[in-house]
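Just so it is clear, none of the values below were taken in a lab; they were calculated from the coordinates. Just so we're clear, the structure is a prediction, and the values are computed from it rather than from any experiment. Every residue, glycine among them, receives a Cβ derived from its backbone with ideal geometry; neighbour counts consider all protein chains shown.
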Amino acid sequence: MGETTLNGFGAKPARPSGIRGVAADWASDQRAFKSASWGKAMMWIFLLSDTFIFSCFLLAYMTARSSTTVPWPNASEVFALHMFGADIPLILIAIMTFVLISSSGTMAMAVNFAYRKNKGATVALLLATAALGATFVGMQAFEWTKLITEGVRPWGNPWGAPQFGATFFMITGFHGTHVSFGVLFLLIVARKVWRGEYDRGDRGFFTSRPGDYEHVETMGLYWHFVDLVWVFIFAFFYLW
Amino acid sequence: MVDATPRMERDIPPAEVPELELYHPKSWWTTYVFSQDAKVIAIQYSGTAVAIGLVALVLSWLMRLQLGFPGTFSFITPEAYYQFITMHGMIMVIYLLTALFLGGFGNYLIPLMVGARDMVFPYVNMLSFWIYLLAVLVLAASFFAPGGPTGAGWTLYPPQAILGGTPGGQSWGIILMLVSLILFIIGFTMGGLNYAVTVIQGRTRGMTLMRMPLTVWGIFTATVMALLAFPALFVACVMMLFDRVLGTSFFMPALVEMGEQLSYGGGSPILFQHLFWFFGHPEVYIVALPAFGIVSDLISTHARKNIFGYRMMVWAIVIIGALSFIVWAHHMYVSGMHPWFGFFFATTTLIIAVPTAIKVYNWVLTLWRGDIHLTVPMLFALAFIVTFVNGGLTGLFLGNVVVDVPLSDTMFVVAHFHMVMGVAPIMVIFGAIYHWYPKITGRMLEDWMGKFHFWVTFVGAYAIFFPMHYVGLVGVPRRYPEMGEAAFMTAPVDNLNAFISVAALVVGFAQMVFLFNLVWSLRFGKEAGPNPWRATSLEWQTPTTPPPHGNWGDERPVVYRWAYDYSVPGAPEDFIPQNDPWPDKPATRAA
């Protein structure tokens, strides 16, 4: 969506392609990223900062796990569900991952329809994304409940290293909070699209800035990021 | 067809981005309190930072009273001494220096220097300040909480930070400290995103990155570093908070306290040190880089000469910023990590000396054969160079493992980092305030008070910290409220300690002259006019002084040149403002 002219930010002017184009952009005045609005640039930088937070959490978890002297609980047993008369390892997590990845698909479609100014489809897809996100958080709540009833606590658990519960609740909790806030903002953006606020350029309640359809894409950047982080949490926490 | 527009006007691309629509305040509250104007936010940030900084100054007096005259003041117990140390360090490093450089100078100077009307997200910028204020209030609240503030040392090392033997460890102190830090980081992130995006995406026509004043480069690079380094502190704070409140064992190994086995087990205290210093070392440069940038502009302006090696200066800032992320474990040589790590981190640490030395040489070469005006800002800038070189050289000592091991945890380390990270940036802050106060208020600071303030502060700082190196070399450990059984070595040390304490009190009181000057000159200072230093950068070319909301009146300035056109041969004056198209429209601007 580099060619958008929303938000009053003009399309990028003609310039050399490839590496020369990059050099020309950075040597130019006014803007270094010629196709990014302020909002989009801010979201990218915020996500970079947030990446460092999640990286630190995951590195702390890896340190705890690889330096512990007591056994680490076996993920495929701990996270198994007893269904249809058998213990199926990781089944809940598999479904959760599927749900969240699907929500990225609906989000991407919502962005596409937003730039076509197709209000109905955009709202429907945003609501679908929010619903999938809420489902994910709901299943996470179920998972937490199950583990808590089995005796997992931040300070200990029946199977081994106490850091298992501590890192699990901290990291999935921090990610779940990100998803929850995402759902909240998805609903807000969906409401704004539905009421036509982006068509009219209504001013935000707090910022008094005119809104436009680009907010859907900025929202999408955040949502895809939260998704991507989950892939790493899934790989390092559940599959290791 | 003859194109009548001047050549340079033609060469500058048209505006790509429409004007920032400003929020126009409707009442006194939204103009001066809940203001979205970066300049007001800057003054709010600075005022808050200085206010809490004064608390830290008083704490340093109390510490010096104890060290200089041990046993004389019965209210300074060892517990209280540790609380003073902790709060002094944390307030000075984070709530004063970081907030003042980025929140204060960043907010005031970035939009003006790049020719923007305001920060790109004024509302978020306002939130940044209010969350910072909340963080300061939470921190200050710990002085009144039961058990008092935390006495864990400013590095908050676990396990002692959250154990009962440390002041505040099992009461409110440590909790309030961690919550305050978390709030600070959230607030800073909101401001930091603004500073970064304003520099990358919000410049005026003609303002390329390589035409920006070095002040902007320093603050911008420091902001990006802070956005990447503070996450590590955030994570460390969250985890320690869980250790303290929920009973997790991230940082807590199995422990016996007072003969009783605690419920902790299996955590890694070293992990905290890694997270803390992954933040902590970049933090040194988060404070230093804005100082580097500002001092470059002060020297160039007050020596009437272009900065020597501008490109090198920019790249040195960027390279120092990048390298500072891979040196953190030089704070941990004695923590018991693998010796090979020490080798690696010592090497990277010493490599940082190269770009830093480039900067120092360039400052000196800028001064060389310059028309040096010994104004108060220039005096402070020169003091910075001297102090920074001194502090930097002892840094080379401490960066080497074999030298660091015996010196670690002595007063030598205290002297080193106060020289390089305390005195040097503070010198720049003073110089910058004397330099930009006329733009902020329209009046000059009183000169004789400024000179008095400078000489007492400069000589006094050396009187404090030079002897402290010797005290450390003799072997006096840091963090000890008194020498106790080790008193055998203290005949010369006692005298020196008393001397240092008296000097510290004198320097402290000299700051009161400075504060008085700030208030007095607001009313009685000499009228400054728009550009008293005859400087080139854009903030001096605003239509009115102080700059109005929106900074530029009807039209944003167009930039034709870099910020360092001083004493250009053939030019009608010895400076050419950045928005002056000379020689196309030979304009001597007396605006």
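Is there a quick way to get the dipole size of the stretch A:166-206? I mean about its Cα centre, with the Cβ of Lys and Arg at +1 and of Asp and Glu at -1; what is the value in debye to the nearest 20? Don't skip to the answer; put the middle values down first.
Values: 5 positive and 3 negative charges, 23 e Å.
Approximately 120 debye in magnitude.
Assuming a strict under-24 Å limit between Cα atoms, what lysine pair count do you get for chain B once near-sequence pairs (fewer than 8 apart, same chain) are dropped?
Lysine pairs, 8 or more places apart or on different chains, close enough: 10.
Using DSSP H assignments, which helices in chain B have an axial alpha-carbon span of 15 Å or above and a mean Kyte-Doolittle hydropathy of 1.0 or higher? Let's see the in-between values first.
Working: long enough: B:38-68 (43 Å, 1.38); B:78-90 (18 Å, -0.20); B:122-141 (29 Å, 1.84); B:172-201 (43 Å, 1.89); B:214-245 (44 Å, 1.87); B:269-302 (49 Å, 0.98); B:310-323 (20 Å, 1.86); B:339-367 (43 Å, 1.26); B:376-399 (33 Å, 1.86); B:424-441 (25 Å, 0.87); B:447-474 (41 Å, 0.89); B:490-524 (50 Å, 1.33).
Length and hydropathy pass: B:38-68, B:122-141, B:172-201, B:214-245, B:310-323, B:339-367, B:376-399, B:490-524.
Quick check: from the Cα gyration tensor, does the stretch B:330-475 come out rounded (a/c under 1.5), prolate or oblate? Walk me through the numbers before you get to the answer.
Working: a/c = 2.74, a/b = 1.92, b/c = 1.43.
Since a/c reaches 1.5 and a/b is larger than b/c, the shape of the stretch B:330-475 is classed as prolate.
How large is the Rg to Rh ratio of the protein assembly as shown when both quantities use alpha carbon positions and Rh follows Kirkwood?
So for the protein assembly as shown, dividing Rg by the Kirkwood Rh gives 0.98.
Roughly how many debye, to the nearest 20, is the charge dipole of the stretch B:489-591 about its Cα centre, given +1 on each Lys and Arg Cβ, -1 on each Asp and Glu Cβ, and no other charges?
Values: 7 positive and 10 negative charges, 36 e Å.
My answer is approximately 180 debye.
Please give the per residue volume of the convex hull enclosing the alpha carbon atoms of the stretch B:271-380, rounded to a whole number of Å³.
97 Å³
In whole Å, what are the extents of the stretch A:115-182 along the principal axes defined by its C-alpha atoms, from largest to smallest?
54, 18, 13
DSSP loop GluC sites (Glu not before Pro) in the stretch A:123-218 with at most 11 other Cβ atoms within 10 Å of their Cβ, which ones? Mind showing how you got there, number by number?
Values: sites: A:Glu143, A:Glu150, A:Glu197, A:Glu214, A:Glu217; in loops: A:Glu150.
Passing both the DSSP loop test and the Cβ count: A:Glu150.
Could you work out the relative contact order of chain B, using alpha carbon pairs under 8 angstrom and six or more residues apart, expressed as a whole percent? Present the calculation step by step, with values, prior to reporting the outcome.
Values: 964 pairs, mean separation 90.7, N = 591.
In percent, rounded to a whole number, it is 15.
Within 10 Å of each Cβ of A:62-68, how many other protein chain Cβ atoms are there on average?
On the way: counts 0, 7, 9, 0, 0, 5, 5.
Averaged over the peptide's residues, the number is 4.
Straight distance only, please: which lysines reach the Cα of A:Lys192 with their own Cα at less than 23 Å, same-chain residues fewer than 8 apart left out?
A:Lys40, A:Lys117, A:Lys119
With the Cα gyration tensor of the stretch B:377-442 giving a ≥ b ≥ c as the square roots of its eigenvalues, does the rule (a/c under 1.5 for rounded; else a/b larger than b/c for prolate; else oblate) give rounded, prolate or oblate? Working shown, then result.
Working: a/c = 4.83, a/b = 3.22, b/c = 1.50.
Prolate shape, in that a/c is at least 1.5 and a/b is the bigger ratio.
Treating only the Cβ atoms of Lys and Arg (+1) and Asp and Glu (-1) as charged, compute the dipole magnitude of the stretch A:37-239 about its Cα centre; round to the nearest 20 debye. Let's see the in-between values first.
Working: 13 positive and 12 negative charges, 117 e Å.
Rounded to the nearest 20 debye, it is 560 debye.
What's the average, rounded to a whole number, of partner chain beta-carbon atoms within 10 Å of each residue's beta-carbon in B:184-195? Please list the in-between numbers first.
Values: counts 0, 2, 0, 0, 0, 5, 1, 0, 3, 8, 2, 0.
Across B:184-195, the average partner-chain Cβ count within 10 Å equals 2.
Could you pull the Rg and Dmax for chain B, using just the Cα atoms, both in Å?
Rg then Dmax for chain B, in Å: 24.7, 96.
Looking only at other chains, what is the average number of their beta-carbon atoms within 10 angstrom of each beta-carbon in B:208-214? Spell out each step's value before the answer.
Working: counts 6, 5, 2, 1, 0, 0, 0.
Mean partner-chain Cβ count within 10 Å for B:208-214: 2.
Among A:Gly105, A:Ser66, A:Phe232, whose Cα lies farthest out toward the positive end of the dipole of the protein assembly as shown, if unit charges sit on the beta carbon of Lys, Arg (+1) and Asp, Glu (-1)?
Value computed over the given set: A:Gly105.
Indicate the helices, whole DSSP H runs only, in chain A that combine a mean Kyte-Doolittle hydropathy of 1.6 or more with a Cα extent along their long axis of 24 angstrom or more. Don't skip to the end; give the middle numbers.
Details: long enough: A:38-67 (44 Å, 0.97); A:91-115 (37 Å, 1.74); A:119-149 (45 Å, 1.02); A:163-194 (46 Å, 1.12); A:214-233 (29 Å, 0.77).
Sorted by number, the helices that extend far enough and score high enough are A:91-115.
When the expected Rg is taken as 2.2 N^0.38 Å, what fraction or multiple of it is the alpha-carbon Rg of the stretch A:37-239? Intermediate values should be presented prior to the final figure.
Values: Rg = 19.3 Å, N = 203, 2.2 N^0.38 = 16.6 Å.
With N residues counted in the stretch A:37-239, Rg over 2.2 N^0.38 Å equals 1.17.
Which order, highest average first, do B:491-501, A:81-91 follow once you tally other Cβ atoms within 10 Å for each residue and take the mean per peptide? Could the numbers behind the result be given before it?
Details: B:491-501: 16.6, A:81-91: 12.0.
Ranking, from highest mean packing down: B:491-501, A:81-91.
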